[in-house]
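Structure first, commentary second.
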Amino acid sequence: MAAGADAHLKVAVPLLQALGQSVGIVGEDPSQAKLVKLTGNFMLSVIIETLGEACAVAGKAGIDPLHFVELLKSANFNAPRYKIYGPLIASRRSQPPGFSLALGQKDNCLMLTAAEALGVPLPLASLIHDRFLTLRSQGIGAEHDWSAVALCALSDAGLR
């Protein structure tokens, strides 16, 4: 995500395109570009949490989590992030990190701070915040992918 004066964007956008898959222009205010990026990561963290909870329910019902994720991906959840995080969560693999737990926690805290400043409650971000703290208290840190957040839902269900 990028924001700034047109003259600056003309210089920056080609460089950003060389570094990433796409560049979204938000407007002139750089803080809005940061907020859009944080919001995207917040939405990904919710996907991770829901996959963890869904795998917990499936696991408690005796359904193989990897098979369960494959069924979901072949039906309504064929999006790239489900394809990436679903198998990681179902197999409980959080190493090596693609996006570290520490970076996910930082972005979650920044999102909560921004939402609080705007007077917007984010109950799901608060839940994710607690998940990050739970993992940290268990010694699970930056060497893990942020998909480790889903391990909390599995643990809550008594699945080790």
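Please pick out the residue among His129, His67 that is within 15 Å of Leu151 (Cα to Cα), at pLDDT 95 or above and surrounded by fewer than 18 Cβ atoms within 10 Å (Cβ to Cβ).
Just a single option satisfies the conditions, and that option is His129.
Mind listing just one residue for me: the one in the stretch 30-45 that is of a type in the set (Gly, Ala, Ser) and crowded, with 18+ Cβ neighbours inside 10 Å and, of those, modelled with the lowest pLDDT?
It comes out as Ala33.
For Arg93, all conditions in the list (1) within 22 Å of Asp156 (Cα to Cα); (2) modelled with pLDDT of 95 or more hold save one; what is the number of the exception?
Every listed condition holds for Arg93 apart from (2).
If you go through the stretch 46-58 one residue at a time, how many are touching a residue at least 24 places away in the same chain (Cβ under 8 Å) and crowded, with 18+ Cβ neighbours inside 10 Å?
Selection size over the stretch 46-58: 7.
Only residues that are of a type in the set (D, E, K, R) and either within 12 Å of the chain's Cα centre (by Cα) or closer than 17 Å to Ser31 by Cα (or both): list them for the stretch 81-124, please.
Correct list: Arg81, Lys106, Asp107, Glu116.
Every residue, every condition in (1) more than 27 Å from Ala33 (Cα to Cα); (2) in a helix (DSSP H, G or I), yes or no:
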| position | (1), (2) |
| --- | --- |
| Thr113 | no, yes |
| Ala125 | no, yes |
| His129 | no, yes |
| Ala142 | no, no |
| Ala153 | yes, yes |
| Arg160 | yes, no |
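What are the residues in the stretch 107-124 that are farther than 14 Å from Trp146 by Cα and touching a residue at least 40 places away in the same chain (Cβ under 8 Å), if any?
Selection gives Leu110, Met111, Ala114, Leu122, Leu124.
Where the second residue is not hydrophobic (A, V, I, L, M, F, W, C) and the first is loosely packed, with under 13 Cβ neighbours inside 10 Å and lies in the stretch 89-106, which pairs have Cβ atoms under 6 Å and are six or more apart or on separate chains?
Gln95/His144; Gly98/Asp145
Return only the number of the condition from (1) assigned to a loop (DSSP other than H, G, I, E, B); (2) more than 18 Å from the chain's Cα centre (by Cα) that Phe68 does not satisfy.
(1)
The values are calculated or read from the model by the stated rules, or taken from the named source; none is laboratory data. This one's a predicted model, so the numbers in the text were calculated from it and none came from an experiment. In this analysis, Cβ positions are derived from the backbone assuming ideal geometry, glycine residues included, and neighbour counts consider all displayed protein chains.
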